[in-house]
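Quick notes on the structure that follows.
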Amino acid sequence: MTVAERPLAGVRVIEMGVLLAGPFCGQLLADFGAEVIKVEAPGVGDPMRAWGQHRKDGRSLWWPVIARNKKSITLNLREPEGQEIARRLIATADILVENFRPGTLERWGLGWDRLSEINPKLIMVRVSGYGQTGPYSQRAGFGVIGEAMGGLRNVTGYPDRPPTRVGISIGDSLAATFGALGALVALHHRDVNGGRGQVVDVGIYEAVLAMMESTIPEYALTGYIRGRTGSTIPGVAPSNIYPTKDGDYVLIAGNADNVFRRLSEAIGHPEWPDDPRFATHQARGEHMEELDGMIADWTRQRSAEEILTTMHEAGVPAGKVYTAKDMMEDPQFAARENIVWVEDPEIGPIPMQNVVPRLSETPGAVRSTGPALGQHNAEIYGDLLGISPEEQASLQERGVI
């Protein structure tokens, strides 16, 4: 399938975000064929170009993923000439994505009031720590703060220890995902319902809050504050991770009555479902620690492969706690092409996660890794905006591009 046949073909996105929240939003749109033009500071670029604890030949392994399928131009948004070029570029766009602190674009003459006059059909996705309004809107806000304020940190970890993090930048990614959703909803309203462009305003903390299930009514109506429960679900057993003989962990979820009976028979204890301690869902929840210990006594004497084979044959949901190595060796991942190899000009072949979700008729695709800084200057400034090579050279000498 060519780029022109992708579902978002013909949609132009200007990405002015840095680090993760804005760029991941741009990545999601680019994966499905949108033309995403990433605006970066001359000579420096997005800090994501240097991020990542482990590198290959000195190059970040995060950048090829977060900037895949995009075009890169350099533009100094702090200079009046750069701001004027930005306005010319945005006039051609469908969507603008930015994740600066609220008020930054306004100081650069790139606020919504001005841009919507230039381009009434523009959809402006604004991702920030606290949203564009409210008493906290001007505060600096990273994803980790949003995770804390949105309630995620309070339920992550073990009850006898301080809150911990999930292990990935989930707050930024959630905000970016809601930003992409909002952009597509606004695009539909504009193009199908005959509406105007509009602002999509996402605060990182509220994107996290949106995922917090029933925690708000639980407190408001019953006074219950959900807390940290480690690897278990309170009152649901067995549903936990269990140790194996080879040092791995396997998650077994056998809490439904019929599933628990199959689990008990599979591990040689068909009498458990008739034991008053384990006969009902409520009883198993009340004796969770005891039941988990008994199952762990069985699992720690066996390899992960042996445990999983036994569980799968018995129809009990179970899975190994995967590392990246496990994912790359798993036949399910391979069958669904969850990991794809993409050629990078500097690194060579590099594997990364494929596009989600999977569309049957117009799927997304990873077409290229993150571009070099300013790789598409000539194409965008020359072909799209009609700036001559001589003028481009002059702008570059003056530090505008």
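The values are calculated or read from the model by the stated rules, or taken from the named source; none is laboratory data. This one's a predicted model, so the numbers in the text were calculated from it and none came from an experiment. Every residue, glycine among them, receives a Cβ derived from its backbone with ideal geometry; neighbour counts consider all protein chains shown. Note: areas computed on protein heavy atoms with side chains; ligands, DNA, RNA excluded. Shrake-Rupley method; radii C 1.70, N 1.55, O 1.52, S 1.80 Å.
The table below lists the values:
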item	result
Residue match in the range 91-100 (condition: at pLDDT 95 or above and touching an Asp or Glu at 6+ places or on another chain (Cβ under 6 Å))	yes
Qualifying residues in the range 308-320 (those that are assigned to a loop (DSSP other than H, G, I, E, B) and either at pLDDT below 95 or within 18 Å of Gly268 (Cβ to Cβ) (or both)) - the one least open to solvent (accessible area, probe 1.4 Å)	Val316
Residue satisfying all of: in the range 257-268; in contact (Cβ under 8 Å) with a residue 24 or more places away in the chain and open to solvent by less than 70 Å² (accessible area, probe 1.4 Å); nearest to Lys245 (Cα to Cα) among these	Ile267
Top-ranked residue of the range 187-209 - restricted to ones that are hydrophobic (A, V, I, L, M, F, W, C) and in contact with a helix residue (DSSP H, G or I) (Cβ under 7 Å, 6 or more places away or on another chain), ranked as most open to solvent (accessible area, probe 1.4 Å)	Val199
Residue, surrounded by the most Cβ atoms within 10 Å (Cβ to Cβ), within the range 321-345, restricted to residues that are aliphatic (A, V, I, L, M) and assigned to a helix (DSSP H, G or I)	Met327
Flag for Ala86 being closer than 23 Å to Gly364 by Cα, among the aliphatic types (A, V, I, L, M), out of contact with any helix residue (DSSP H, G or I) (no Cβ under 6 Å at 6 or more places or on another chain) and open to solvent by less than 20 Å² (accessible area, probe 1.4 Å)	no
Selected residue (criterion: surrounded by the most Cβ atoms within 10 Å (Cβ to Cβ)) from residues of the range 354-401 that are more than 34 Å from the chain's Cα centre (by Cα) and among the acidic types (Asp, Glu)	Glu391
Residue list for the range 275-306, restricted to those being open to solvent by 70 Å² or more (accessible area, probe 1.4 Å), closer than 14 Å to Ala256 by Cα and either charged (D, E, K, R) or under 35 Å from the mean Cα position of the chain (by Cα) (or both)	His281
First in the range 166-179 and open to solvent by less than 50 Å² (accessible area, probe 1.4 Å), second anywhere and of a type in the set (D, E, K, R), Cβ under 6 Å, 6 or more apart	Gly171/Glu147
Enumeration of residues in the range 24-36 that are under 14 Å from Val125 (Cα atoms), assigned to a helix (DSSP H, G or I) and not aromatic (Phe, Trp, Tyr)	Cys25, Gly26, Gln27, Leu28, Leu29
Single unsatisfied condition, Tyr219 versus (1) out of contact with any helix residue (DSSP H, G or I) (no Cβ under 9 Å at 6 or more places or on another chain); (2) over 30 Å from Pro135 (Cβ atoms); (3) hydroxyl-bearing (Ser, Thr, Tyr)	(2)
Hits in the range 112-137 - residues which are among the basic types (Lys, Arg), within 19 Å of Ser173 (Cα to Cα) and not in a strand (DSSP E or B)	none
Lone qualifier among Gly171, Gly141, Gly151 - being within 15 Å of Ala210 (Cα to Cα) and assigned to a loop (DSSP other than H, G, I, E, B)	Gly151
The one condition in (1) over 28 Å from Ile90 (Cβ atoms); (2) in a helix (DSSP H, G or I); (3) touching a Lys or Arg at 6+ places or on another chain (Cβ under 9 Å) that Arg190 fails to fulfil	(1)
Looking only at the range 212-226, and only at residues there that are surrounded by 14 or more Cβ atoms within 10 Å (Cβ to Cβ) and either in contact with a strand residue (DSSP E or B) (Cβ under 6 Å, 6 or more places away or on another chain) or not charged (D, E, K, R) (or both), the one that is farthest from Ala314 (Cα to Cα)	Thr215
Output for the range 149-165, where each listed residue is aliphatic (A, V, I, L, M) and open to solvent by 60 Å² or more (accessible area, probe 1.4 Å)	Met149
Qualifying residue in the range 132-149 (condition: in contact (Cβ under 8 Å) with a residue 12 or more places away in the chain, more than 21 Å from the chain's Cα centre (by Cα) and over 21 Å from Arg101 (Cβ atoms))	no
Number of the condition not met by Ala30 [criteria: (1) open to solvent by 10 Å² or more (accessible area, probe 1.4 Å); (2) modelled with pLDDT of 90 or more; (3) hydrophobic (A, V, I, L, M, F, W, C); (4) under 22 Å from Pro351 (Cβ atoms)]	(1)
So Trp63, is it of a type in the set (Phe, Trp, Tyr) and surrounded by 22 or more Cβ atoms within 10 Å (Cβ to Cβ)	yes
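Each row is one residue, and each column tells you yes or no for (1) surrounded by fewer than 24 Cβ atoms within 10 Å (Cβ to Cβ); (2) in a loop (DSSP other than H, G, I, E, B); (3) of a type in the set (Lys, Arg).
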residue: Val18; (1), (2), (3): yes, yes, no
residue: Gly22; (1), (2), (3): no, no, no
residue: Lys38; (1), (2), (3): no, no, yes
residue: Pro42; (1), (2), (3): yes, yes, no
